[in-house]
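All of the numbers you see were taken from the coordinates with simple rules; none came from a lab. On a predicted model such as this, the values are computed, not experimentally measured, just so you know. Cβ sites come from the backbone with ideal geometry, for glycine too, and all protein chains shown count toward neighbours.
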Amino acid sequence: MTINLRQLAAFLAVVNAGSLGRAAAALNTTQPALSRTIKAMEAALGVPLFERHSTGMILTAYAQALQPHAELLLAESRNAVEEIDALRGLSKGTVRVGAVGSVVSHTLPLAIDRVLKRWPGLHVSIIEGVEDSLEKALLKREIDLAIAVSLRETEEISLIAESGWHDISSIVASTNHPLRQKPKLGMRDLQQQRWVMPPSNTMPRSEMQQMFLSKGIEPPEVVVETRSINAIKALVANADFLSYIPLPLYHMERRAKVIDALPVPGGMTKRHFSIFRRRDGLLPLPALKLLEELRRVVKQSHA
């Protein structure tokens, strides 16, 4: 029983596309040729991989068991080629990294600049998101490193190290918000205001709620949920919403005197970032290069 990488690539193309026709188009091959490849693979394994229906291809239990192994084998084969290219001096690898917005806006660009100066042939793929989306990106192999406040350590994801980087997150409002005229502003004064925040299963939302709960106050209702930092800042600046945002993400608005932290006791949190990876497989050389430069950038920023 032998299957090769070409067959695994064909198998995953059908899995992702859901039909032979769409998978054949994605692979730039014909549907009959792709069908023969899948049938040869099924014959080699001795099991059916798909149930064929007029509406598409349905994975069997055997295909579901094979899928994560196929993804790992193809990812590792790609990494192996990139490693060889790097050793030959071609450096054609890709740095695949995901990070929360405040890291993307400051620390990460500095580290990427250093990597590309030393290895100009590399390419970089960045995914910005909060913790739940970064976890999914790691598991789907869209990124090799994730920089976040906290991801769940599981059988599939492990902590590499504390990055040493931190930021300050604050409850923010527009600079002309009516609350700024209130003397002795407190957390209870914020309960009935309109809030815009990321979804409830995200770290920023949990941190905001904990700020209120730690003082024995019920967290405010969030009127608008969005993952878009631009939408959050627009609602804060133009519609008198409150939010909870890391300083690097509203640094320009603060300099322009449009958005700033509210002077409320307990409305500020210091956040520390860590770096995470998948447990299985080797960390690709381009990712290791970025990891080294991230540590240098952080070390120099604290010097």
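Listing for the model above:
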read-out: Cα-based helix-to-principal-axis angle, 107-118 vs the chain, degrees rounded to 10; value: 50
read-out: For segment 36-66 and segment 131-159, distance of Cα centres in Å; value: 30
read-out: Ranking of 153, 207, 253, 293 by count of other Cβ atoms within 10 Å, fewest first; value: 153, 207, 253, 293
read-out: From phi via Karplus (6.51, -1.76, 1.60), per-residue ³J(HN,Hα) for segment 67-75 in Hz, x at Gly/Pro; value: 3, x, 5, 5, 4, 5, 4, 5, 4
read-out: Selection from 219, 3, 176, by position along the positive dipole direction of the chain (Cβ); value: 176
read-out: Entries of 39/140; 117/233; 233/257; 184/215 with Cα pairs more than 24 Å apart; value: 39/140; 117/233
read-out: Net dipole in debye of the chain [+1 Lys, Arg Cβ; -1 Asp, Glu Cβ; about Cα centre; nearest 20]; value: 680
read-out: Mean ellipticity per residue at 222 nm, deg cm²/dmol - from DSSP H runs of n ≥ 4 across the chain, formula -39500 (n - 2.57); value: -13500 deg cm²/dmol
read-out: Cα radius of gyration and Dmax for segment 5-83 (Å); value: 12.4, 42
read-out: More than 17 Å apart - percent of Cα-Cα pairs taken over segment 168-269; value: 45
read-out: Charge-dipole axis of segment 1-122 as Lys and Arg at +1 and Asp and Glu at -1 on Cβ define it, positive-most pick from 111, 46, 77; value: 111
read-out: log₁₀ of I(q)/I(0) at q = 0.14 Å⁻¹ - the chain, Debye sum with one point per alpha carbon; value: -1.06
read-out: Beta bridge orientation in segment 168-269: antiparallel %, DSSP, nearest 5; value: 70
read-out: Alpha-carbon centroids, segment 217-255 and segment 97-122: separation in whole Å; value: 25
read-out: Fraction of antiparallel bridges per DSSP, segment 36-140 only, in percent to nearest 5; value: 40
read-out: Neighbour-count ranking [beta-carbon atoms within 10 angstrom, fewest first] of 200, 19, 133; value: 200, 19, 133
read-out: Dipole in debye (nearest 20) - segment 257-303, about Cα centre, beta carbon charges: Lys, Arg +1; Asp, Glu -1; value: 100
read-out: Long-range Cα-Cα pairs in segment 106-150 (distance over 16 Å), rounded percent; value: 44
read-out: Computed lengthening from residue 51 to residue 201, 0.36 nm per intervening residue step minus Cα-Cα distance; value: 50.5 nm
